[in-house]
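Input: a single structure, listed below in structure tokens.
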Amino acid sequence: MKTELECLPCFFGQVRRTLTHAGVNGERGREIARRAEAIINKASLDEVPARTTTIIHRLLRRETGIDPYQRLKDEYNRIALEILPGVEARALAVSDRLEGAVRAAIAGNVIDFGIYDSIDLERAIDDSFSLPLSHADYAAFAQALEGSRNILYLCDNAGEIVFDRILIQALREQGRSVTAVVKGSPVINDATLEDAAAVGLSEFAEVIDNGNDGIGTLLECCSPRFLAAYFSADLIVSKGQANYETLAKEDNDRIFFLFKVKCPVVAGALKRNNGDIVLMRNG
């Protein structure tokens, strides 16, 4: 993916949204917004959007002096844990255990405050269990699992990682070893080690961080520990649009992307509709 003109309003929307969450407005807010605007004006349209937004959010955290999304992360970790039993029940009601778990994991991908001002989690769950998944891609995923022992699971957002537990547990029931990866430091509402601890993710998988605050997975910024796990994994489950943006160019058919389509640029690239759920192999 490359940055399209439609991405530019989204960049400015992320600046506005983040400053609102940080409680920064007035002249100080305008000053920070001007600095973010300068980054956007210099952004290369040949880069993936996640590279530009990574730089923007580094600026916003530095200038506000806080993690603007900490409250939201705590809130949605709590909400997701509260509704987890209901989501688990819906996943178990699907005749194919693995498919039910995949759908549950995708449902959580709506918890994305890099894109949304607010979310309808109940509707997202309903959609994830009713919208179609590509039969061919799902079959390819199930087949790839048969020959895989070590799974690397790239997590996305806080709250969402609660629903990831359902898929991780299903993978473990098949005898797979799972390593779950979170961010090395805060960025938007992406999950960190602190979030993983808050929702008990380590009870279901080995949890590591990728050593950086990049949006998506910027391999050149990742830690040696993460890269060793990445290159040695038999199969990689990659959650979220930003991971799709940053990893789709990699010549790596071990990657399967799981996410909800949340913007017209991604929808156009995939020839999907905004709001679709996606399970697809890279390449």
Is there a residue in the stretch 92-111 that is acidic (Asp, Glu) and in contact (Cβ under 8 Å) with a residue 40 or more places away in the chain? no
Conditions (1) of a type in the set (Gly, Ala, Ser); (2) under 18 Å from residue 7 (Cβ atoms); (3) touching an Asp or Glu at 6+ places or on another chain (Cβ under 8 Å): number failed by residue 269: (3)
Keeping to the stretch 51-74, report how many residues are surrounded by fewer than 23 Cβ atoms within 10 Å (Cβ to Cβ) and touching a residue at least 60 places away in the same chain (Cβ under 8 Å). 8
Is there any pair linking a residue in the stretch 24-41 that is outside the structural domain of residue 54 (by TED's automatic domain parsing) and farther than 16 Å from residue 10 by Cα to one that is part of a helix (DSSP H, G or I) and of a type in the set (A, V, I, L, M, F, W, C), with Cβ under 9 Å and at least six apart or on different chains, and which? none
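The values are calculated or read from the model by the stated rules, or taken from the named source; none is laboratory data. Since the structure is predicted, the reported quantities are computational estimates derived from the model, not experimental observations. All Cβ positions, even for glycine, are placed from backbone atoms using ideal geometry, and neighbour counts span all protein chains on display.
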